[in-house]
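Shown next, in structure tokens, is the structure this report addresses.
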Ligand code: FES
Ligand code: FES
């Protein structure tokens, strides 16, 4: 039966039992998300209850380590009231029936929290109705315990499996009004739930994109121009064809879109090693174009020059910032910089594609399959209906796999080679052909009054543009903290033209802005002679909701009370200000609101006389609403996000020289290692707000908290990253 | 060239260029996909296997250099007591996020625990710092090594 109002459908499943499918427009959830056009988004869920009582739930979103594959089914299983052990989870392919198959933006929780529970609750109600009909008893007299309907008065019970086929024929309830469980009675939500994939992971089962194998498959590598978007002029490709194992080698003429197919030379061989070996013999002539002149050192000089003038764009203006500085008793100026970063997913980009008879089948470790399918269709000149994309587990995403360049390359190479191919990038390919976290330069000025209050603040943000528009993820909004809390404030921006591709990286924008703003605020706190915690609470003021300025990123606003709450919690848990620390050791605080999550973090760090940094410990306090859905995964994600920030702060930068990325492997971009990784203590403040995600918001405070700890430990202010470029030694 | 290598107790004959790294022989010739490629430069440890019980980076070892040495991979590490304890601890503490590094982590951890049944934090740092976890599950990896060590003593 179909209820048109809420698009819930129940039908008989193949082999008996009930199949519940829901398609829910997300208009009702717009408020929690602050989405401009929520009607465009809808959400789907599939649940099958088999006659043997087994429940199968389809996981529609891509999995790249964020734990989504079990979190979403937990919501359905809870309200359906089944035993978690009876639930099986299937990974969906890219399917037009699921319009929002994306891992990004920490959106899965806020988007799915209510609707998926409603789907489960509707299923439960239908099973109750089926039992009530069977027993000729009023439905209100029936209850459920996991996997069965009970009639307490008569002591009768029927299992979901026995009821499913009958339930499938009953009218479906209205999702909007179906009663939900009292969270106090949750059996699954809020319980530490292990990732069902771990037994396969620890035994080395093939499950990642790189592990895909299809009959007749060959292996491919693809050499592009290391100057982004460079054009191919000629190559010795004919000579490559004679090398051992090589089955095909050919030039590819691509387009201009850095996210699409670019110029290059493909080598296809019997094994990946042979393909990559042959590639090393390639001699290619490139037209590197005018971008070959770009270098990181020039960017820095340009930023300094721009900072001397007025910003090209005003992002926000409150009060009169110059008058504010005039009245201030203390004015502080400082320039901050953070570098370009590469995502360094541990599994290098790869994709398997099989093109035959005008159709292509693709196995892709992607965070965002739908645009990939469109890109393949447009590039190969085929209809989207001729493309099938299987989503394969990804060895890390962090935003890199929101782009699908590897997908279109694999599809193209398969087509030209006339065989299924697995395209696998080297680490160097991966680092040199990324969509980088954009670098940024901030020129701050802050004014303090005689009582140490921040009365004026300005930021001239020098960032990057691509083709005249602000580069991807290089923008800053008018609501950047502490805007709305400072009487006289001005944010402006100037743009350096850039040709290197940029894109979102875990906590986009926030991952750089957080470092710059939270470090400068710490600097102001010390200049004001205030404890950073007290200084922060003073800026936040009394608890209130500050609405967002209108614009594409307007959300539900900023709740000063929630921010203050996590600052107080992290101060308490870390023993902030309580302990006399040995010389060379310090604690730093930072706090940040992003992706609807409020996080405050304290880092304790020690700097040796020789300048070596030891991160002793990190405390994380987060407010992501009323419910931590899976505490086991939440802790892992929050720890990982904080350590991700620590790793980036310590040892990571991507530099551009002559239009090329200098770094190529983990000897120059340093990932965090075991010996550097401190314990991370995670605390959640449970508040009466809808649950939101945490894949991202725990990251931004970690970098400035570490930089601020180093200041506390050494008196040296860190105004640029990474830390490995700073000499912190005190002994000669 | 024809080479015979012993992987997980089974001899395999392969006709291959002697310079081919063991990593690619395992993955693409023998279809043992558990061992992973992360850097190809001895920088990440994703490709860690055991050679006569010692952890090596298989991306750096040409097949011609293996000789009679016994190779053990993630697919068979559960056949040892220590390997079983490590796998159980990994499951119990829900260590992985994306999971991509974990085969290499488990191979390094098993080699450590075989050599040092009760490792200190320092031992763990020394033995595990060649294995990158991009998802930074280090806190749990450390805890799981200690858990497996306890299980070994029980
Ligand atoms: S792939 Fe061998 S160490 Fe990274
Ligand atoms: S779990 Fe993702 S790299 Fe370690």
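The values are calculated or read from the model by the stated rules, or taken from the named source; none is laboratory data. What you see is a predicted model, and the numbers here were worked out from it, not measured in a lab. When we count neighbours, we look across all protein chains shown, and the Cβ atoms used for this are built from the backbone with ideal geometry, even at glycine.
Take the residues in segment B:137-154 that are facing another protein chain (nearest Cβ under 7 Å) and without any contact (Cβ under 8 Å) to a residue 12 or more places away in the chain, then tell me which one is farthest from residue B:98 (Cα to Cα). Result: B:139.
Residues are listed down the side, and each one gets a yes or a no for (1) more than 30 Å from residue A:462 (Cβ to Cβ); (2) under 35 Å from the mean Cα position of the chain (by Cα):
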site: A:238; (1), (2): yes, no
site: A:242; (1), (2): yes, no
site: A:258; (1), (2): no, yes
site: A:275; (1), (2): yes, yes
site: A:285; (1), (2): yes, no
site: A:289; (1), (2): no, yes
site: A:300; (1), (2): no, yes
site: A:304; (1), (2): no, yes
site: A:310; (1), (2): no, yes
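Scanning segment A:667-693 for residues that are at the interface with chain B (Cβ under 7 Å from one of its Cβ atoms) and surrounded by fewer than 21 Cβ atoms within 10 Å (Cβ to Cβ) turns up A:667, A:675, A:679.
Please go through segment A:151-170 and give me each residue that is touching a residue at least 60 places away in the same chain (Cβ under 8 Å) and either crowded, with 18+ Cβ neighbours inside 10 Å or touching a helix residue (DSSP H, G or I) at 6+ places or on another chain (Cβ under 8 Å) (or both), ordered by number.
A:160, A:161, A:162, A:164, A:167, A:168, A:170
All conditions in (1) touching a strand residue (DSSP E or B) at 6+ places or on another chain (Cβ under 8 Å); (2) within 11 Å of chain A (Cβ to nearest Cβ) hold for residue B:27, with the sole exception of (1). Can you tell me which residue is surrounded by the most Cβ atoms within 10 Å (Cβ to Cβ) among those in segment B:1-17 that are within 22 Å of the chain's Cα centre (by Cα) and assigned to a loop (DSSP other than H, G, I, E, B)? The residue in question is B:8. Given the conditions (1) part of a strand (DSSP E or B); (2) within 14 Å of chain B (Cβ to nearest Cβ), which single one is not true for residue A:389? So the condition that residue A:389 fails would be (2).
Residues that are in contact with a strand residue (DSSP E or B) (Cβ under 8 Å, 6 or more places away or on another chain) and surrounded by fewer than 18 Cβ atoms within 10 Å (Cβ to Cβ) within segment A:373-389 comprise A:382, A:386, A:388, listed in sequence order.
I'd like the full set of residues that are within 14 Å of chain B (Cβ to nearest Cβ), in a loop (DSSP other than H, G, I, E, B) and crowded, with 20+ Cβ neighbours inside 10 Å, limited to segment A:208-244. Matches in segment A:208-244: A:212 only.
State yes or no: is residue A:700 in a loop (DSSP other than H, G, I, E, B), crowded, with 24+ Cβ neighbours inside 10 Å, touching a helix residue (DSSP H, G or I) at 6+ places or on another chain (Cβ under 8 Å) and modelled with pLDDT of 95 or more? Judged against the criteria, residue A:700 is a match. Read through the list (1) farther than 15 Å from residue A:514 by Cβ; (2) part of a helix (DSSP H, G or I), then give the number of the only condition that residue A:705 fails. With respect to (1) farther than 15 Å from residue A:514 by Cβ; (2) part of a helix (DSSP H, G or I), residue A:705 is out only on (1). Restricting to segment B:39-56, and then to whatever is away from ligand 2 (no atom under 16 Å from the Cβ) and outside any loop (DSSP other than H, G, I, E, B), can you tell me which residue is surrounded by the most Cβ atoms within 10 Å (Cβ to Cβ)? Selected residue: B:49.
Within segment B:100-116, identify whether any single residue is within 16 Å of ligand 2 (Cβ to nearest atom), more than 10 Å from chain A (Cβ to nearest Cβ) and either assigned to a helix (DSSP H, G or I) or in contact with a helix residue (DSSP H, G or I) (Cβ under 8 Å, 6 or more places away or on another chain) (or both), and answer yes or no. Among the residues of segment B:100-116, at least one is within 16 Å of ligand 2 (Cβ to nearest atom), more than 10 Å from chain A (Cβ to nearest Cβ) and either assigned to a helix (DSSP H, G or I) or in contact with a helix residue (DSSP H, G or I) (Cβ under 8 Å, 6 or more places away or on another chain) (or both), which makes the answer yes. Residue count for segment A:635-649 under the criterion of being under 17 Å from residue A:684 (Cα atoms), more than 7 Å from chain B (Cβ to nearest Cβ) and out of contact with any strand residue (DSSP E or B) (no Cβ under 7 Å at 6 or more places or on another chain): the result is 2. Of the residues A:177, A:165, A:169, which single one is modelled with pLDDT under 95 and out of contact with any strand residue (DSSP E or B) (no Cβ under 8 Å at 6 or more places or on another chain)? Answer to the selection: A:177.
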